[in-house]
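Please treat every number below as a calculation from the coordinates, not as lab data. All of these numbers come straight from a predicted model, not from anything done at the bench. Cβ placement follows ideal geometry from the backbone for every residue including glycine, while neighbour counts extend to all protein chains displayed.
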Amino acid sequence: MTTPLLLIGILLLGGAGAAMLSRNLIHSALLLVGAWAGIAGFYLWAGAEFVAFAQVLVYVGAVSMVVLFAVLLTRQGATTAPVEFDSFQRAVAGFITAGGVAGVLLGAILGTPMDGPAAPAPAAITVKQLGAQLMGPHAAALLIVGVILTVALLGAILIAAVDKPEDPAP
Amino acid sequence: MSPLQLCLVLSSLLFCVGLAGALSRSNTILVLLGIELMLNAANLNFIAFWRYGLHPAAGTGVIFVLFAIAVAAAEAAVGLALVIAVHRHRKTVRLQEANTLKG
């Protein structure tokens, strides 16, 4: 039961950690695609198939392409210059903070007795039930999310669009 | 260790990897990617509590994650557009050099 989860976790954390440590932006983006695919694997393991497919479509498919476009559009020069850590002090402070947060979270999780249902029934929620819930009780939220996505993408196009060259001042 | 605790440990570690990346790197795109990792770690928590919670048939966690993924996609698009806009005006993607509004 837990062996697949451990494998998924090792792949996931390895990919994410290597992406955050990598000095090549393209390698970072591609390793993160692997980490996102690992998250989709976790969703499959947990029995949330529809969320896994949504994760693959949105992250592995769409967000990774947007990230790669941003990397290529903001590249300086033709060479793929390594992206160094900015300063040793900043990196050490970041790692110490993250390690502290990890310690606090792990202590809280491992110190809490979590005896749920001994053998939880395989939670099967079919896509049909999910669709009925989305279109029924959550219809308003679904519409609002649609509006948010439309407005955000229009705004992204407006922000990133190239300005018209202005007429030279006389 | 129960499976729920294992899931929570996994998502905490993923959150902290994202936090370390967002705090220690100075490339704007990498900081955004670290924030995306933290968002994904939160989604793992929703799914874990849905799977091992008291009412897995209700499907609340799944629906929450679907909405969170949609909002995260919008956030990524706007964030990367901002990175491109800043790069066009200042020719840099380093966070420290975008300091026009610094007091």
Practice task
Treat the range B:9-71 as a sphere of radius equal to its Kirkwood radius over Cα pairs and apply Stokes-Einstein at 37 °C in a medium of 0.692 mPa s; give the translational diffusion coefficient in µm²/s, rounded to a whole number.
Solution key: 265
Practice task
Just grab the label-to-label distance for B:Lys102 and A:Val104, each label 7 Å out from Cα along the Cβ direction, in nm (one decimal).
Solution key: 2.7
Exercise for the section: Jot down the radius of gyration and Dmax of the protein assembly as shown, Cα atoms only, both in angstrom. Expected result: 20.3, 80
Practice task
Report, to the nearest 10°, how far helix B:28-52 tilts away from the longest principal axis of the Cα atoms in chain B, using its own Cα long axis and a range of 0 to 90°.
Solution key: 10
Fill in the blank from the handout: Hull surface over four for the Cα convex hull of the range A:1-80, reported in nm², is 5.3
Fill in the blank from the handout: Inter-chain shielding metric for A:28-37, i.e. average beta-carbon neighbours from other chains within 10 angstrom, reads 3
Fill in the blank from the handout: Only helices counted: for the protein assembly as shown, with every DSSP H run of 4 or more residues adding -39500 (n - 2.57) and the sum spread over all residues, [θ] at 222 nm is -24000 deg cm²/dmol
Handout entry: Mean projected area in nm² (Cα convex hull; one quarter of hull surface) for the range B:30-103
Key = 6.3
Handout entry: Length-normalised contact order for chain B - Cα pairs under 8 Å, 6+ apart - percent
Key = 27
